[in-house]
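**Student:** First, the structure itself, so that you have it in front of you.
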Amino acid sequence: MTANFQKHVKLFDLLTGLDRLLLVCHQRPDGDTLGAGTALFHWLKNKGKKVTLFCLDLPKPAFAFLDHVSELTNDPKIFDNNFDALVILDSGNPIYAGIQKFMDRLPPGTRVINIDHHKGNALYGDFNLVDDTASSTSEIIADFLKVNGQKLDAALATSLMVGIMNDTSYFTNAATEAHSVELTAEFLAAGARSSEVAKAMFKNKDAQTLNLWGTALARLQHNEKYNMAVTYLKQEDMTKAGTDAGAVEGLINFLNAICGGAETILVLSQADENLIKGSFRSVRTDVMRVAKLVGGGGHRLASGFNMPGKIVETETGIKII
Ligand SMILES: [Mn+2]
């Protein structure tokens with residue numbers, strides 16, 4: 001954080017000097033991009049700014065408890081309006097955010113502000129506040145508020161807590177650092193609604209989802225060569241459990257939090273007829289390098305990819321066709 005001190009101050013001057021701001025959370029929004037987006041929205045509104053919050057996909061109902069989430073729009077027409085700046089949150093590049101195709105609609109001269117913690121961020125902004133040592137983008141927003149002497153209220157604290165809890169999987173993964181825990185203590189002191197956070201983030205799986213996860217657990221195999229636990233879910237598993245592919249989300253973090261027998265975990269799932277989604281977690285191996293080989297990305301110890309293909313069971317395991 002110290003290295004970014006000047007940047008936090010500069011961003012404060014920049015944002016307080018502008019009037020109309022478009023904040024962007026990345027597509028298929030997670031708790032971090034929503035936490036960072038709603039917190040910054042709340043703070044800017046209180047500063048009297050005209051703020052619009054955009055995300056290509058509407059958040060899941062579980063996030064409805066977050067302040068301002070209902071004010072979020074998914075209407076791309078918003079990009080035809082005039083803004084002084086576009087602030088993109090938690091996205092290594094505009095494609096990841098899902099907004100690249102809308103960006104050239106903005107009048108020339110609209111500033112792009114990039115706030116993110118992904119390693120390999122493309123530094124695509126006119127102003128970049130990128131800290132790849134931060135657990136989450138929400139942590140960067142918390143640092144920003146602290147460095148600039150801004151007081152936390154319950155809304156800010158709740159939003160930012162969601163972000164840190166999301167990206168550290170409740171302090172269980174490698175992104176967790178003393179600083180993330182210290183900030184969370186401050187969020188609690190500022191009135192963060194922690195039981196609502198827990199309910200939205202983790203205590204939210206229905207029986208069908210857990211049945212599907214049970215299938216994945218029963219199939220977990222240890223690959224000795226790579227010291228990796230691997231499991232998979234086919235489309236028919238989801239049909240049988242009565243879920244869709246979205247029910248796989250969270251499984252990798254759940255395994256990562258409790259699986260002690262392997263250094264690395266891989267979950268493969270059939271996201272679509274001809275699309276396989278892979279999620280890696282590791283305590284040591286740079287899985288982002290592996291994910292990148294198949295067009296994916298993420299973080300060193302937590303990464304993922306999408307690849308065309310179908311998971312087919314064989315006598316000895318699975319193959320991808
Ligand atoms: Mn994040």
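The values are calculated or read from the model by the stated rules, or taken from the named source; none is laboratory data. Since the structure is predicted, the reported quantities are computational estimates derived from the model, not experimental observations. Counting neighbours? That spans all protein chains shown, and the Cβs are built from the backbone with ideal geometry, glycine included. When the accessible area is computed, the model is the full protein with side chains, heavy atoms only, and any ligands, DNA or RNA have been set aside. Shrake-Rupley method; radii C 1.70, N 1.55, O 1.52, S 1.80 Å.
**Student:** Taking the conditions exactly as written (over 18 Å from HIS8 (Cα atoms), more than 11 Å from the ligand (Cβ to nearest atom) and either free of Cβ contacts under 8 Å to residues at least 60 places away in the same chain or not assigned by TED's automatic domain parsing to the domain that holds THR38 (or both)), does VAL130 satisfy them or not?
**Tutor:** no
**Student:** Then there is this: For region 88-156, which helices (runs of 4 or more DSSP H) that fit wholly inside it have 2 or more residues that are farther than 28 Å from LYS77 by Cβ, open to solvent by 10 Å² or more (accessible area, probe 1.4 Å) and modelled with pLDDT of 95 or more? First the steps, then the outcome.
**Tutor:** Values: elements: 94-97, 100-103, 137-147.
Because the criterion is at least 2 residues that are farther than 28 Å from LYS77 by Cβ, open to solvent by 10 Å² or more (accessible area, probe 1.4 Å) and modelled with pLDDT of 95 or more, the helices (runs of 4 or more DSSP H) in region 88-156 that meet it are 137-147.
**Student:** Still on this structure, I have one more. Which condition from (1) surrounded by fewer than 17 Cβ atoms within 10 Å (Cβ to Cβ); (2) touching a strand residue (DSSP E or B) at 6+ places or on another chain (Cβ under 8 Å) is the one that LEU212 breaks?
**Tutor:** Here LEU212 clears every test but (1).
**Student:** With respect to GLY35, determine if the residue is within 14 Å of the ligand (Cβ to nearest atom) and not in a strand (DSSP E or B). Let's see the steps before the verdict.
**Tutor:** Working: within 14 Å of the ligand (Cβ to nearest atom): yes; not in a strand (DSSP E or B): yes.
Here the answer is yes, as GLY35 does meet what is asked.
**Student:** Tell me which residues, restricted to region 111-127, are in contact (Cβ under 8 Å) with a residue 60 or more places away in the chain and either away from the ligand (no atom under 14 Å from the Cβ) or assigned by TED's automatic domain parsing to the domain that holds GLY295 (or both).
**Tutor:** Selection gives ARG111, ILE113, PHE127.
**Student:** Moving on to the next point. Which one of THR264, THR285 is closer than 15 Å to ASN173 by Cβ, touching a Ser or Thr at 6+ places or on another chain (Cβ under 8 Å) and open to solvent by 30 Å² or more (accessible area, probe 1.4 Å)?
**Tutor:** Being closer than 15 Å to ASN173 by Cβ, touching a Ser or Thr at 6+ places or on another chain (Cβ under 8 Å) and open to solvent by 30 Å² or more (accessible area, probe 1.4 Å) holds for just one of THR264, THR285, which is THR285.
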